[in-house]
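Novice: Attaching a single structure in structure tokens format; questions to follow.
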Amino acid sequence: MATLPAGLQSFSLEGRRALITGSGGGIGFALARGLAAAGAEVVLNGRDEKKLANAAKQLREEGYTIFEAPFDVTSPKEVDTAVNHIEADIGAIDILFNNAGIQRRASLEQFEEADWHDVIETNLSSVFYTAKYVARHMIQRGQGKIINTCSVTSELARPSIAPYSATKAAVKMLTRGMAADWGQFGLQINGIGPGYFKTEMNTALVNDEQFSRWLIGRTPSRRWGDVEDLVGAAIFLASDASRFVNGHVLYVDGGVTATL
């Protein structure tokens, strides 16, 4: 990577290593590419080993240093084992991006208990598990960056996604709690809050013309988000440029949370 001008050097991720959960596609893949372009080595994570391998191959062909760590973020035992493996065999995790997430849509009175537990475990519990085991190593080193993927639904509710909104609101407060507990050890823990983005998870909404018209009219920037729109904010939160930012959620939403 070319040397950055002096005023921008704090944004460089050269010499850093980032673990990004749920990075086989969608937002996680865009974050992986963005952090790699800023100089970081990136460890991709996901449960689908084939999808993860394809993502890693694509990024390596673009010239980036990429590793793969397929493990289930909803299993504390797998997380502990995987984090110890990365630390011992790949290198220190300087940046953790808790990005894994799922969506289930149904009105609450019809919402299946099994789906409830899946959403809670994947979107919320995994953030606790992964951050806990990574933070133990970061605390020993006296530094580290943890970024948790929140959402505009950390602040706003929409019909049919109440459990998802509940998890994202909880991740917002968990982020603040992590900062309260771990800031004293030199860690910065922040959240990034995407608005509505064109991803695999939102395909049905993107293809729904009525919803798209409503959303674009509701969004001050008058468009859907593209995953690349998250990269600048992610680099800021992962780099020394945000070294005195802690417990904050940075919304990248085209203004949705600012308006009625």
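The values are calculated or read from the model by the stated rules, or taken from the named source; none is laboratory data. From a predicted model like this one, the values you see are computed outputs, not experimental measurements. Counting neighbours? That spans all protein chains shown, and the Cβs are built from the backbone with ideal geometry, glycine included. Heads up: the accessible areas ignore ligands, DNA and RNA and are worked out on the full protein's heavy atoms, side chains in. Shrake-Rupley method; radii C 1.70, N 1.55, O 1.52, S 1.80 Å.
Novice: Which pairs have Cβ atoms under 6 Å, sit 6 or more apart or on different chains, and link a residue in segment 178-198 that is among the polar types (S, T, N, Q) to one that is in a strand (DSSP E or B)?
Specialist: Close Cβ pairs satisfying both conditions: Q188/K145; N190/I147.
Novice: Looking at L96, L35, which one is buried (at least 22 other Cβ atoms within 10 Å of the Cβ), within 17 Å of the chain's Cα centre (by Cα) and part of a helix (DSSP H, G or I)? Write out each step before concluding.
Specialist: Working: L96 fails: part of a helix (DSSP H, G or I).
Residue meeting the stated conditions: L35.
Novice: Any idea which residue in segment 133-150 is nearest to I27 (Cα to Cα), counting only those that are in contact (Cβ under 8 Å) with a residue 60 or more places away in the chain and out of contact with any Lys or Arg (no Cβ under 9 Å at 6 or more places or on another chain)? Even if it seems obvious, please write down each step before you answer.
Specialist: At the first step, the residues of segment 133-150 found to be in contact (Cβ under 8 Å) with a residue 60 or more places away in the chain are 134, 145, 147, 149-150.
Keeping just the survivors that are out of contact with any Lys or Arg (no Cβ under 9 Å at 6 or more places or on another chain) gives 134, 147.
Numbers: V134: 21, I147: 13 Å.
Top of the filtered list is I147.
Novice: Okay, next question. Pull up segment 1-27, narrow it to residues that are outside any loop (DSSP other than H, G, I, E, B) and buried (at least 18 other Cβ atoms within 10 Å of the Cβ), then point me to the one that is modelled with the lowest pLDDT. Walk me through how you get there before you give the answer.
Specialist: Going through segment 1-27, the residues outside any loop (DSSP other than H, G, I, E, B) turn out to be 6-11, 17-20, 26-27.
Filter again for buried (at least 18 other Cβ atoms within 10 Å of the Cβ), leaving 17-20, 26-27.
Details: R17: 98, A18: 98, L19: 98, I20: 98, G26: 93, I27: 96.
Residue satisfying both the conditions and the ranking: G26.
Novice: While we're looking at this one, here's another question. Of the residues that sit in segment 99-129 and are out of contact with any helix residue (DSSP H, G or I) (no Cβ under 6 Å at 6 or more places or on another chain) and within 30 Å of L13 (Cα to Cα), which one is most open to solvent (accessible area, probe 1.4 Å)?
Specialist: Within segment 99-129, the match that is most open to solvent (accessible area, probe 1.4 Å) is F128.
Novice: Right, another one. Looking at segment 30-48 only, could you name the residues that are touching a helix residue (DSSP H, G or I) at 6+ places or on another chain (Cβ under 8 Å) and under 17 Å from N123 (Cα atoms)?
Specialist: N45, G46
Novice: Scanning segment 220-254 for residues that are buried (at least 20 other Cβ atoms within 10 Å of the Cβ) and small (G, A, S), which turns out nearest to L96 (Cα to Cα)?
Specialist: Checked segment 220-254; the qualifying residue nearest to L96 (Cα to Cα) is A238.
Novice: Taking interchain pairs and intrachain pairs at least six residues apart, which have beta carbon atoms under 9 angstrom, with the first residue in segment 211-223 and within 17 Å of V252 (Cβ to Cβ) and the second open to solvent by 50 Å² or more (accessible area, probe 1.4 Å) and part of a helix (DSSP H, G or I)?
Specialist: Short answer, once both residue conditions are applied: P220/A258; R222/I216; R223/I216.
Novice: For segment 67-89, indicate whether the set of residues that are over 19 Å from the mean Cα position of the chain (by Cα), of a type outside the set (A, V, I, L, M, F, W, C) and open to solvent by less than 40 Å² (accessible area, probe 1.4 Å) is non-empty.
Specialist: Yes, the conditions are met somewhere in segment 67-89.
Novice: List pairs: first in segment 104-131 and under 30 Å from L187 (Cα atoms) and hydrophobic (A, V, I, L, M, F, W, C), second open to solvent by 30 Å² or more (accessible area, probe 1.4 Å) and outside any helix (DSSP H, G or I), Cβ under 6 Å, 6+ apart or cross-chain?
Specialist: Going by the 6 Å Cβ cut-off, the qualifying pairs are V119/R104.
Novice: How do the pairs read when you match residues in segment 161-177 that are within 15 Å of N98 (Cβ to Cβ) with residues anywhere that are open to solvent by less than 30 Å² (accessible area, probe 1.4 Å) and among the aliphatic types (A, V, I, L, M), using Cβ under 7 Å and keeping only pairs 6 or more apart or on different chains?
Specialist: T167/V119; V171/V127; K172/V249; L174/V127; T175/I189; T175/V249
Novice: Next up: Taking the options G46, G63, name whichever one is crowded, with 17+ Cβ neighbours inside 10 Å and not aliphatic (A, V, I, L, M). It would help to see each step written out before you state the result.
Specialist: On the way: G63 fails: crowded, with 17+ Cβ neighbours inside 10 Å.
On inspection, the qualifying residue turns out to be G46.
Novice: Next question, about the same structure. Looking at T130, T167, which is the one that is β-branched (V, I, T), touching a Gly at 6+ places or on another chain (Cβ under 9 Å) and modelled with pLDDT of 95 or more? Steps first, please.
Specialist: Details: T130 fails: touching a Gly at 6+ places or on another chain (Cβ under 9 Å).
The match here is T167.
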